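Student: Quick one: structure below, then a few questions.
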Amino acid sequence: MAGYVSFSEFKKLDIRVGEIISAERIPGSRKLLKLKVNLGSEERQLVAGLAEHYTPEELVGKQIVVLTNLQPRKFMGVESQGMLLAAVVGEEGKPVLLAPEKKVPPGSPVS
């Protein structure tokens with residue numbers, strides 16, 4: 001487990017609910033998917049290592065939790081503009097997407 005962070009450090013994180021509006025495999029990768037996510041006031045592109053556990057079709061329409069102010073990074077030439085949050089389960093490290101208990105408006109802040 002990582003060390004403690006201060007509350008002021010935690011407040012710097014912009015975590016919001018997003019809704020996946022499209023998902024597709026990234027050519028040449030067996031693990032990566034390119035997601036388009038509605039964050040209310042904008043759409044973002046995320047790259048996530050979900051392809052071994054989820055099909056693109058089962059992700060469309062799902063609400064997820066997204067860290068929106070993470071510095072963008074390229075994976076296999078595709079820019080990711082945030083990071084979805086997931087629990088990692090079992091020895092295989094299967095990702096289980098974090099989602100709100102009830103449907104909420106995209107862009108809702110998580111606190």
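The values are calculated or read from the model by the stated rules, or taken from the named source; none is laboratory data. Everything numeric in this text was worked out from a predicted model, so none of it was measured. Note that we place each Cβ from the backbone using ideal geometry, even for glycine, and neighbour counts take in every protein chain shown. These area figures cover heavy atoms from the full protein model, side chains too; ligands, DNA and RNA do not enter into them. Shrake-Rupley method; radii C 1.70, N 1.55, O 1.52, S 1.80 Å.
Student: Pick from region 35-61 the residues that are within 13 Å of the chain's Cα centre (by Cα) and open to solvent by 60 Å² or more (accessible area, probe 1.4 Å): which of them is nearest to Val96 (Cα to Cα)?
Tutor: Here the answer is Val60.
Student: So which of Gly90, Gly49 is modelled with pLDDT under 95, out of contact with any helix residue (DSSP H, G or I) (no Cβ under 6 Å at 6 or more places or on another chain) and of a type in the set (Gly, Ala, Ser)?
Tutor: Answer to the check: Gly90.
Student: State the number of residues belonging to region 23-34 that are in a strand (DSSP E or B) and open to solvent by 50 Å² or more (accessible area, probe 1.4 Å). Working first, answer last.
Tutor: Residues of region 23-34 in a strand (DSSP E or B): 23-25, 33-34.
Retained after the next criterion (residues that are open to solvent by 50 Å² or more (accessible area, probe 1.4 Å)): 24-25, 34.
Of the residues in that region, 3 qualify.
Student: Now, a different point. Could you please tell me which pairs satisfy a Cβ distance under 9 Å, a separation of 6+ or placement on different chains, a first residue in region 10-38 that is within 13 Å of Glu58 (Cα to Cα), and a second residue that is acidic (Asp, Glu) and outside any strand (DSSP E or B)?
Tutor: Ala23/Glu57; Ala23/Glu58
Student: Continuing with the same structure: Based on what the data block shows, is Ile20 in a strand (DSSP E or B), touching a helix residue (DSSP H, G or I) at 6+ places or on another chain (Cβ under 7 Å) and surrounded by 13 or more Cβ atoms within 10 Å (Cβ to Cβ)?
Tutor: It is true that Ile20 is in a strand (DSSP E or B), touching a helix residue (DSSP H, G or I) at 6+ places or on another chain (Cβ under 7 Å) and surrounded by 13 or more Cβ atoms within 10 Å (Cβ to Cβ).
Student: How many of the residues in region 72-111 are open to solvent by 70 Å² or more (accessible area, probe 1.4 Å) and among the hydrophobic types (A, V, I, L, M, F, W, C)?
Tutor: Total meeting the criteria: 5.
Student: Do we find a residue being free of Cβ contacts under 8 Å to residues at least 40 places away in the same chain, among the β-branched types (Val, Ile, Thr) and loosely packed, with under 14 Cβ neighbours inside 10 Å anywhere in region 1-8?
Tutor: Yes.
Student: Is it the case that Asn69 is modelled with pLDDT of 95 or more and surrounded by 15 or more Cβ atoms within 10 Å (Cβ to Cβ)?
Tutor: So Asn69 does not fit the description; no.
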